[in-house]
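Chemist: First, the structure itself, so that you have it in front of you.
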Number of protein chains: 2
Amino acid sequence: MGSQDQLNVCLIGSGGVGTIAAVVLEKAGTKVTAVLRSKYAVVSEKGWDIESIDHGNVKGWKPTRVVSTVTDAATEDGKPIKYDFVVVSMKQLPDLYSIVEIIRPVITPSHTAIVLIQNGIDIELPIIEAFPTNPLMSSVSIIGSKTVGDNSIVQIGTDNSTIGPHFHECGGRSREEQLATTKEFIRLYNLGMKDAPKKPVCTLTEDMPVARWHKVLWNGTFNTICAINRMDVGQVCRSDGRDRLLIPMMKEIWNTARAAGVDLPESAIQSQAFRVSDDSTFRPSMLIDVDYGRPMELEVILGSVLKRAEQTSTPAPITKTIYELLKMRKWEMEQAALVEKGNL
Amino acid sequence: MGSQDQLNVCLIGSGGVGTIAAVVLEKAGTKVTAVLRSKYAVVSEKGWDIESIDHGNVKGWKPTRVVSTVTDAATEDGKPIKYDFVVVSMKQLPDLYSIVEIIRPVITPSHTAIVLIQNGIDIELPIIEAFPTNPLMSSVSIIGSKTVGDNSIVQIGTDNSTIGPHFHECGGRSREEQLATTKEFIRLYNLGMKDAPKKPVCTLTEDMPVARWHKVLWNGTFNTICAINRMDVGQVCRSDGRDRLLIPMMKEIWNTARAAGVDLPESAIQSQAFRVSDDSTFRPSMLIDVDYGRPMELEVILGSVLKRAEQTSTPAPITKTIYELLKMRKWEMEQAALVEKGNL
């Protein structure tokens, strides 16, 4: 596929999750081109300082190539690059930018496989519409990894993920061919993690919508309610709120999934409601976004659930209320940011 | 009624609202005994320093008598006092204390009229049950008054209130007699405010439940949602939240009132939703409680609405969600207070 049989990977979104993926994929022998925006200057000069439970401590690590724009990533030495995989690990903020437009320059029609390591529901729909001939897969990942300071990555949780294809017309590829592309990516990923001490795994699922809705049972409830009430996961678990609010809200999301044709098992609600231990001090991503006044992934986590609920006439009043509260908070955070920039 | 024809008033709850009521009632010629708990030592020594839009600046003001317990208030010079009015302006926190048990020592059956200057719905029910022979009225008050520091009161808003009787069996008193007692209290209150420059008024309503549900349309929505999102009233108004969340929630409360037999006018929702100007920086009481980690009046403001909704099978899912979020926040605030006291 790539030049000299080395696979070409373009990574877009080099935060805590994406940079670890770059480490893994380079260990697997692929050539990774990382697109960095705000951190381009510091990382192209100094590389990343990585402390990782899976990969140990590495100073000044860089992927093969670091560029500052997707347009730069699209060519090398004046020649277009045909990427085998484009891995997207940016935040999903459809009201701020379009993933489709961002990745377009590095997608070779009928060739490049697109890998979304991102949160949310129905995130595959705009990609399939824009790139109908490209294989598409997504990953639901549990990895305690984040950027610290300018160019450091700290990963405290083992990299476990579930990846599956989003089957579509795909330029006439059969279901088996689409599955094979996903399996190839999983093989690479596990190859890159084979020396890690804690046995991280990247697992295949053939029903990705189930995996994504399963995750949104947790993300749509714990993540959002922790953010609204500024409580950590353990506090939410220890309060009555889990029984009185989160589980009823999970039922709305579960019903919506069913109505949308995604058959979550009956046990999913209990398993997600009691997945994290009551003494956890974990602060989910949306709570951290509130802490730092950063944009939240509200639309793909709850907005998409509500769209499906409306399409299928599934009652979801708790979900709607939580969504509207966070929309208000988002408005307030945006206003505060404008004031800070002197624009208001 | 009182000795030498002077009316005896016992005031329980000497915060921003209660202390201004004490000033007004003393100006009207009544003898006010104020029960102060935490502030007894400082106020009995130094009095209150008052800055009031209605009553000007007064240093070291005290009502006729200041006591530290309701039991002390019940007697003077070893003789029991027969109070004509007991005015209650404590916070309504039924899960922390019982107003009935607190005021019992100063209630003379068949004689004392009870005046509740408090928030919430159905706050009259336990009083009527405990004191079936006593006249009862309540006040819905708009007054920008608060305590500052140890013994200061700052009142920036004119004292406007609506008072009405809660009609009940009342030891055989007719509706007219109960109304007459309320009118007497209103006469006194307006007498005490007659020299105020900005023409504050205390107005009679003969349908107090309507007035209280009208107020809870605002209190149950703006007050609670400002507290959850830590936004001021103007921010809530300027965000989409007013249309998308607060007005639908007001509809639930309006429907609940109707189902409970309280006929709020159709216009009530619009008038409450647009009562405060969009540039208001007002921080409602519950938001201030969250700011300072103090108990919120959640049960009488939303808990009672939800009880009525359940009794009448009125759907109120938004209200329930807002209530549960604040219950969680309340739990977290209580835990934080225990940690501070070293009990956890």
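Chemist: Give me the pairs, please: first residue somewhere in the stretch B:150-172 and in contact (Cβ under 8 Å) with a residue 60 or more places away in the chain, second residue anywhere and of a type in the set (Gly, Ala, Ser) and surrounded by fewer than 21 Cβ atoms within 10 Å (Cβ to Cβ), beta-carbon distance under 6 Å, and either six or more positions apart or on two chains.
Modeler: Going by the 6 Å Cβ cut-off, the qualifying pairs are B:153/B:16; B:156/B:144; B:157/B:144; B:171/B:110.
Chemist: Out of the residues in the stretch B:256-274 that are part of a helix (DSSP H, G or I) and in contact with a helix residue (DSSP H, G or I) (Cβ under 8 Å, 6 or more places away or on another chain), state the one that is nearest to residue B:207 (Cα to Cα).
Modeler: Start the filter on the stretch B:256-274 by keeping residues that are part of a helix (DSSP H, G or I), which leaves B:256-259, B:268-273.
Then drop every residue that is not in contact with a helix residue (DSSP H, G or I) (Cβ under 8 Å, 6 or more places away or on another chain), which leaves B:256-257, B:259, B:268-269, B:272-273.
Values: B:256: 17, B:257: 13, B:259: 16, B:268: 15, B:269: 18, B:272: 18, B:273: 22 Å.
Among residues in the stretch B:256-274 that are part of a helix (DSSP H, G or I) and in contact with a helix residue (DSSP H, G or I) (Cβ under 8 Å, 6 or more places away or on another chain), the one nearest to residue B:207 (Cα to Cα) is B:257.
Chemist: (1) in contact (Cβ under 8 Å) with a residue 40 or more places away in the chain; (2) of a type outside the set (Lys, Arg); (3) within 13 Å of chain B (Cβ to nearest Cβ): which one isn't true of residue A:299, the others all being true?
Modeler: Exception for residue A:299: condition (3).
Chemist: Which residue pairs have Cβ atoms closer than 8 Å, lie 6 or more positions apart in sequence or on different chains, and pair a first residue in the stretch A:6-34 that is polar (S, T, N, Q) with a second residue that is surrounded by fewer than 23 Cβ atoms within 10 Å (Cβ to Cβ) and part of a helix (DSSP H, G or I)?
Modeler: Every condition considered, the pairs that remain are A:14/A:43; A:30/A:188.
Chemist: Hey, among B:238, B:230, which residue is touching a Leu at 6+ places or on another chain (Cβ under 7 Å), among the charged types (D, E, K, R), within 14 Å of chain A (Cβ to nearest Cβ) and within 30 Å of residue B:322 (Cα to Cα)?
Modeler: Numbers: B:238 fails: touching a Leu at 6+ places or on another chain (Cβ under 7 Å).
Criteria check complete, one pass: B:230.
Chemist: Right, something else. Which residue out of B:212, B:230 is at pLDDT 95 or above, surrounded by 23 or more Cβ atoms within 10 Å (Cβ to Cβ) and of a type in the set (D, E, K, R)? Lay out the reasoning, then the answer.
Modeler: Numbers: B:230 fails: surrounded by 23 or more Cβ atoms within 10 Å (Cβ to Cβ).
Every option except B:212 fails the conditions.
Chemist: Just to be sure, is residue A:225 touching a residue at least 24 places away in the same chain (Cβ under 8 Å), surrounded by 20 or more Cβ atoms within 10 Å (Cβ to Cβ) and either within 14 Å of chain B (Cβ to nearest Cβ) or within 17 Å of residue A:277 (Cα to Cα) (or both)?
Modeler: Details: touching a residue at least 24 places away in the same chain (Cβ under 8 Å): yes; surrounded by 20 or more Cβ atoms within 10 Å (Cβ to Cβ): yes; either within 14 Å of chain B (Cβ to nearest Cβ) or within 17 Å of residue A:277 (Cα to Cα) (or both): yes.
Spelling it out, residue A:225 is indeed touching a residue at least 24 places away in the same chain (Cβ under 8 Å), surrounded by 20 or more Cβ atoms within 10 Å (Cβ to Cβ) and either within 14 Å of chain B (Cβ to nearest Cβ) or within 17 Å of residue A:277 (Cα to Cα) (or both).
Chemist: Take residue A:25 and tell me if it is surrounded by fewer than 23 Cβ atoms within 10 Å (Cβ to Cβ) and outside any strand (DSSP E or B). Show your work before the answer.
Modeler: Working: surrounded by fewer than 23 Cβ atoms within 10 Å (Cβ to Cβ): no; outside any strand (DSSP E or B): yes.
No; evaluated as a whole, the condition is false for this residue.
Chemist: Here is a list: B:67, B:9, B:42, B:58. Which entry is crowded, with 21+ Cβ neighbours inside 10 Å and not basic (Lys, Arg)? Break it down into steps so the answer makes sense when it comes.
Modeler: Details: B:67 fails: crowded, with 21+ Cβ neighbours inside 10 Å; B:42 fails: crowded, with 21+ Cβ neighbours inside 10 Å; B:58 fails: crowded, with 21+ Cβ neighbours inside 10 Å.
Checking each option against the conditions leaves just B:9.
Chemist: Tell me which of these residue A:270 doesn't satisfy, since it passes every other one: (1) away from chain B (no Cβ under 13 Å); (2) polar (S, T, N, Q); (3) farther than 20 Å from residue A:122 by Cα; (4) surrounded by 19 or more Cβ atoms within 10 Å (Cβ to Cβ).
Modeler: With respect to (1) away from chain B (no Cβ under 13 Å); (2) polar (S, T, N, Q); (3) farther than 20 Å from residue A:122 by Cα; (4) surrounded by 19 or more Cβ atoms within 10 Å (Cβ to Cβ), residue A:270 is out only on (4).
Chemist: Hey, residue B:282 hits all of (1) hydrophobic (A, V, I, L, M, F, W, C); (2) free of Cβ contacts under 8 Å to residues at least 60 places away in the same chain; (3) assigned to a helix (DSSP H, G or I) but one; which does it fall short on?
Modeler: (3) is the only condition that residue B:282 fails.
Chemist: While we're on this one: Select from the stretch A:147-170 the residues that are modelled with pLDDT under 95 and over 19 Å from the mean Cα position of the chain (by Cα) and write down the one among them that is farthest from residue A:9 (Cα to Cα).
Modeler: Let us first name the residues in the stretch A:147-170 that are modelled with pLDDT under 95, namely A:147-161.
Of the ones still in play, those that are also over 19 Å from the mean Cα position of the chain (by Cα) are A:149-152.
On the way: A:149: 26, A:150: 24, A:151: 21, A:152: 22 Å.
Among those residues, the one meeting the criterion is A:149.
Chemist: May I ask you to list the residues in the stretch A:331-344 that are assigned to a helix (DSSP H, G or I) and more than 9 Å from chain B (Cβ to nearest Cβ)? Quick ask: steps written out before the conclusion?
Modeler: Residues of the stretch A:331-344 assigned to a helix (DSSP H, G or I): A:331-340.
Across the stretch A:331-344, the qualifying residues are A:333, A:334, A:336, A:337, A:338, A:339, A:340.
Chemist: Could I ask something else about it? Determine, yes or no, whether residue A:178 is touching a Gly at 6+ places or on another chain (Cβ under 8 Å), crowded, with 16+ Cβ neighbours inside 10 Å and away from chain B (no Cβ under 14 Å). Spell out how you get there, then give the answer.
Modeler: Numbers: touching a Gly at 6+ places or on another chain (Cβ under 8 Å): no; crowded, with 16+ Cβ neighbours inside 10 Å: yes; away from chain B (no Cβ under 14 Å): yes.
Here the answer is no, as residue A:178 does not meet what is asked.
Chemist: Return the only residue of B:321, B:312 being assigned by TED's automatic domain parsing to the domain that holds residue B:287, more than 16 Å from residue A:231 (Cβ to Cβ) and out of contact with any strand residue (DSSP E or B) (no Cβ under 6 Å at 6 or more places or on another chain).
Modeler: Values: B:321 fails: more than 16 Å from residue A:231 (Cβ to Cβ).
Answer to the check: B:312.
Chemist: Also, quick follow-up: For the stretch B:37-48, which positions are part of a loop (DSSP other than H, G, I, E, B) and either among the polar types (S, T, N, Q) or more than 17 Å from residue B:58 (Cβ to Cβ) (or both)? Spell out the reasoning first.
Modeler: First pass over the stretch B:37-48, keeping only residues part of a loop (DSSP other than H, G, I, E, B): B:37-39, B:47.
Those that are part of a loop (DSSP other than H, G, I, E, B) and either among the polar types (S, T, N, Q) or more than 17 Å from residue B:58 (Cβ to Cβ) (or both): B:37, B:38.
Chemist: State whether one or more residues within the stretch B:310-330 are exposed (fewer than 15 other Cβ atoms within 10 Å of the Cβ), facing another protein chain (nearest Cβ under 10 Å) and closer than 22 Å to residue A:319 by Cα. Full working, then the answer.
Modeler: Within the stretch B:310-330, the subset exposed (fewer than 15 other Cβ atoms within 10 Å of the Cβ) is B:310-311, B:313, B:315.
Keeping just the survivors that are facing another protein chain (nearest Cβ under 10 Å) gives B:315.
Those left that are additionally closer than 22 Å to residue A:319 by Cα: B:315.
Scanning the stretch B:310-330 turns up at least one residue that is exposed (fewer than 15 other Cβ atoms within 10 Å of the Cβ), facing another protein chain (nearest Cβ under 10 Å) and closer than 22 Å to residue A:319 by Cα.
Chemist: Check off (1) modelled with pLDDT of 95 or more; (2) buried (at least 17 other Cβ atoms within 10 Å of the Cβ); (3) on the phi < 0 side of the Ramachandran plot; (4) not basic (Lys, Arg) for residue A:140 and give me the number that stays unchecked.
Modeler: (1)
Chemist: Testing residue B:251 on (1) farther than 24 Å from residue B:92 by Cβ; (2) part of a helix (DSSP H, G or I); (3) more than 13 Å from chain A (Cβ to nearest Cβ); (4) in contact with a helix residue (DSSP H, G or I) (Cβ under 8 Å, 6 or more places away or on another chain), one condition comes back false. Which one is that?
Modeler: Among (1) farther than 24 Å from residue B:92 by Cβ; (2) part of a helix (DSSP H, G or I); (3) more than 13 Å from chain A (Cβ to nearest Cβ); (4) in contact with a helix residue (DSSP H, G or I) (Cβ under 8 Å, 6 or more places away or on another chain), the lone unmet condition for residue B:251 is (3).
Chemist: Among the listed residues B:218, B:213, which satisfies the condition of being more than 14 Å from every other protein chain (Cβ to nearest Cβ), touching a residue at least 12 places away in the same chain (Cβ under 8 Å), within 16 Å of the chain's Cα centre (by Cα) and closer than 30 Å to residue A:293 by Cβ? Break it down into steps so the answer makes sense when it comes.
Modeler: Values: B:213 fails: closer than 30 Å to residue A:293 by Cβ.
Going through B:218, B:213 in turn, the sole match is B:218.
Chemist: Report, by residue number, each residue of the stretch B:287-296 that is crowded, with 18+ Cβ neighbours inside 10 Å, within 14 Å of chain A (Cβ to nearest Cβ) and assigned to a helix (DSSP H, G or I).
Modeler: Within the stretch B:287-296, B:287, B:290 meet the criteria.
Chemist: Of the conditions (1) more than 25 Å from the chain's Cα centre (by Cα); (2) assigned to a helix (DSSP H, G or I), residue B:302 clears all except one; give me its number.
Modeler: (1)
The values are calculated or read from the model by the stated rules, or taken from the named source; none is laboratory data. Keep in mind that this is a model prediction, so the values were computed, not measured. As a convention, Cβ positions derive from the backbone with ideal geometry for all residues, glycine included, and neighbour counts pool all protein chains shown.
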